[in-house]
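Asks: One structure, pasted below without further comment.
The values are calculated or read from the model by the stated rules, or taken from the named source; none is laboratory data. Computed from a predicted model, the values in this text were never measured in an experiment. Positions of Cβ are backbone-derived with ideal geometry, glycine not excepted, and every protein chain shown enters the neighbour counts.
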Amino acid sequence: MPDATGLELTAQELRDVDADCVFDTTFQRGRATLIINPPKVMTVLKHLHGKGYDFLASLHGVDYYPEEPRLGVLYELLDMKQVDRISVKARVHTEAAHIPSVTELFPGADFQEREAFDMFGVVFDGHPDLRRILMPEDYEGYPQRRDFPVGGEPVLFTFNEQQNYGKWV
Amino acid sequence: MEIKRQRLDSGDGTITDFRLRQMQARNMLRGEITDEDLERYVEERVLTTTVDKAVAWAQGNSLYPLTFGLACCAIEMMSIVGARMDIARFGFEAMRASPRQADLIILSGRVSIKMAPIIRRLYDQMLEPKWAISMGACCSSTGVFNNYALVPSDKFMPIDVHVPGCPPRPEALMHGILRLRDKIQGNSREGWRQRYEAIGTEELVEGEAPLASANINVFKPGDTAGA
C-alpha cells in the first residue's frame, strides 16, 4: 500500500494528467482508495497501469443504499513488483448507472464487469459482450441491490403447513 | 443344537421327503404324473399373484438412478454405492449416465432457477415409469439458501420422496430409497401423523383464515402432464 502521503502524491499526479479525474482520497486501515470521476476511469487506470499497478486483482460492485450516488464500482489494483495495492472507487447513480469498460486495458475484467452488471445493473459502456453471467438471461431486476426483495420461500413450520405447496391431502 | 447328518435316502430303504420331491419333479418332467397326482403337484408348488404385483416387485428391486449430482449432497449420494452402504444389496447400483436408461433421479443439492429447466428436461427425457427423490434441505425447501437464486424442486417437477438433512447421511438417503421401493411395490407406509396417531395436532392459529394457497404450478404425485 502506498502510505497516506504516497496516495496524495498519486492523486496529485492524476490531477496533473486530468484536472477533474480524482474527486477525493481516503486512507483507512492501511487501505489507500482513490475516489474518481466515473467517465475518467480509463484515464486513471491507464496512468496507474503505467506506474506499475498492472494487475487487476478484482472488480466488483457495491450498493451504498441509502447514500447517493448509490452504486459503487471498485477496482483493486496490484503492483506485482513492489507488492503494492491501491483501490479505485467510482460512484454511479442507479438511474444512469453507466461507466466505461476497462476490458481494453485489463482483458480479465470481462467476466467481472458482466457480474457487476448482472448483480447491480451497472452498464459498462464499450464492453464487447455485456450479458448476464450468473442469473438466467430473462431474469428481471438486479438481485444484489439493497432494495431488491430477498425473495425465497416462506419457511414452513407446523402452524403454516396447511399452505405447504407439497401438501396435497 | 445338535446337528444330524443324514443321507438323502436315509440308508435303510425308506425314502425321505426331499428325495421324494426330487423324484416327483423328475416324473413330472417326464410326463409320468397324471390326473389327481398332477393337480396336487401343481397346487403344492405354484404361487399365484397378479402381473402388476410381480412387475412392481421387479421394478422396486432394480432401480437405475441417474448419474446426476448438484452440490454437496452429491458427495453423500456417491457414498451409497461404496462398500460401506453398498446400495447394490438392493439392486440400485447401476448408475446410468443417460436419462433414457434411468428410472430414478436423485436431486442431490441446491437447484438454481437457471438449472431448473435443465433438470425438468432430464426428468422429461426419462422413460416411464420414473421416480424422483429430493435429497436435502436445499432441494426440498431451498434450505439456508432461501433467496432469489433458488427454487424448491416441487415447483417444477413431481417428487416421490423427500429426504431431510443438510446434507442427509448416506443412511438417510438409503432409507429414502427403501421407502421409494415400498411405494413402488404398493405397500407405501403412511405419514408420521398417521403412524403416531397424531391427526388433529396441526398448529393452526385460532380464528385466522388460512392464507391463500400459493399452489401455482405445483405437480401432484404421479402427475407428469404438461411435459
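Asks: Can you pull out every residue in the stretch B:66-87 that is touching a residue at least 60 places away in the same chain (Cβ under 8 Å) and either within 22 Å of B:Cys139 (Cα to Cα) or part of a helix (DSSP H, G or I) (or both)?
Replies: Listed by number, the residues that qualify are B:Leu66, B:Leu70, B:Ala71, B:Cys72, B:Cys73, B:Ile75, B:Glu76, B:Met77, B:Ser79, B:Ile80, B:Ile87.
Asks: For the stretch B:61-78, what are the residues that are buried (at least 16 other Cβ atoms within 10 Å of the Cβ) and out of contact with any Ser or Thr (no Cβ under 9 Å at 6 or more places or on another chain)?
Replies: If the condition is that a residue be buried (at least 16 other Cβ atoms within 10 Å of the Cβ) and out of contact with any Ser or Thr (no Cβ under 9 Å at 6 or more places or on another chain), then B:Leu63, B:Tyr64, B:Pro65 are the ones that fit.
The rows are residues; the columns are (1) among the hydrophobic types (A, V, I, L, M, F, W, C); (2) closer than 27 Å to A:Pro143 by Cα; (3) more than 13 Å from the chain's Cα centre (by Cα).
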site: A:Leu56; (1), (2), (3): yes, yes, no
site: A:Asp79; (1), (2), (3): no, no, yes
site: A:Lys89; (1), (2), (3): no, yes, no
site: A:Gln112; (1), (2), (3): no, yes, no
site: A:Glu115; (1), (2), (3): no, yes, no
site: A:His127; (1), (2), (3): no, yes, yes
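Asks: Which residue, of A:Leu7, A:Leu34, A:Leu14, A:Leu59, is closer than 20 Å to A:Asp110 by Cβ, modelled with pLDDT of 90 or more and of a type outside the set (Val, Ile, Thr)?
Replies: None of the others qualify; the one that does is A:Leu59.
Asks: Residues being of a type outside the set (D, E, K, R), outside any strand (DSSP E or B) and in contact (Cβ under 8 Å) with a residue 40 or more places away in the chain: count how many of those fall in the stretch A:33-65.
Replies: The number of residues fulfilling the criteria is 10.
Yes/no per residue for (1) assigned to a loop (DSSP other than H, G, I, E, B); (2) of a type in the set (Lys, Arg); (3) within 12 Å of chain A (Cβ to nearest Cβ):
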{"site": "B:Ile105", "(1), (2), (3)": "no, no, no"}
{"site": "B:Lys114", "(1), (2), (3)": "yes, yes, yes"}
{"site": "B:Asp124", "(1), (2), (3)": "no, no, no"}
{"site": "B:Cys138", "(1), (2), (3)": "no, no, yes"}
{"site": "B:Cys166", "(1), (2), (3)": "yes, no, no"}
{"site": "B:His175", "(1), (2), (3)": "no, no, no"}
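Asks: Exactly one of these conditions fails for B:Ser134: (1) buried (at least 21 other Cβ atoms within 10 Å of the Cβ); (2) part of a loop (DSSP other than H, G, I, E, B); (3) without any contact (Cβ under 8 Å) to a residue 40 or more places away in the chain; (4) not acidic (Asp, Glu). Give me its number.
Replies: The single condition B:Ser134 does not satisfy is (2).
Asks: Which is over 23 Å from A:Gly126 (Cβ atoms) and polar (S, T, N, Q), of A:Thr25, A:Thr43?
Replies: Only one candidate passes the filter, namely A:Thr25.
Asks: Sticking with this one: Run B:Glu2 past the list (1) in a loop (DSSP other than H, G, I, E, B); (2) at pLDDT 80 or above; (3) of a type in the set (D, E, K, R) and report the number of the one that doesn't hold.
Replies: Answer for B:Glu2: the failing condition is (2).
Asks: Scan the stretch A:122-144 for residues that are touching a Ser or Thr at 6+ places or on another chain (Cβ under 7 Å) and either surrounded by 17 or more Cβ atoms within 10 Å (Cβ to Cβ) or without any contact (Cβ under 8 Å) to a residue 12 or more places away in the chain (or both) and report the count.
Replies: The qualifying residues number 2.
Asks: May I ask you to list pairs of residues, at least six apart or on different chains, whose Cβ atoms are under 7 Å apart, with the first in the stretch B:110-128 being free of Cβ contacts under 8 Å to residues at least 60 places away in the same chain and crowded, with 17+ Cβ neighbours inside 10 Å and the second being hydroxyl-bearing (Ser, Thr, Tyr) and not in a helix (DSSP H, G or I)?
Replies: From the stretch B:110-128, no pairs qualify.
Asks: Exactly one condition in (1) modelled with pLDDT of 90 or more; (2) out of contact with any Phe, Trp or Tyr (no Cβ under 8 Å at 6 or more places or on another chain) is false for A:Ala116; which is it?
Replies: Of the numbered conditions (1) modelled with pLDDT of 90 or more; (2) out of contact with any Phe, Trp or Tyr (no Cβ under 8 Å at 6 or more places or on another chain), the odd one out for A:Ala116 is (2).
Asks: Which one of B:Ile80, B:Ile87 is of a type outside the set (Asp, Glu) and out of contact with any Asp or Glu (no Cβ under 6 Å at 6 or more places or on another chain)?
Replies: Only one candidate qualifies: B:Ile80.
Asks: Please go through the stretch B:140-156 and pick out each residue that is surrounded by 21 or more Cβ atoms within 10 Å (Cβ to Cβ) and either more than 10 Å from chain A (Cβ to nearest Cβ) or among the β-branched types (Val, Ile, Thr) (or both).
Replies: B:Thr142
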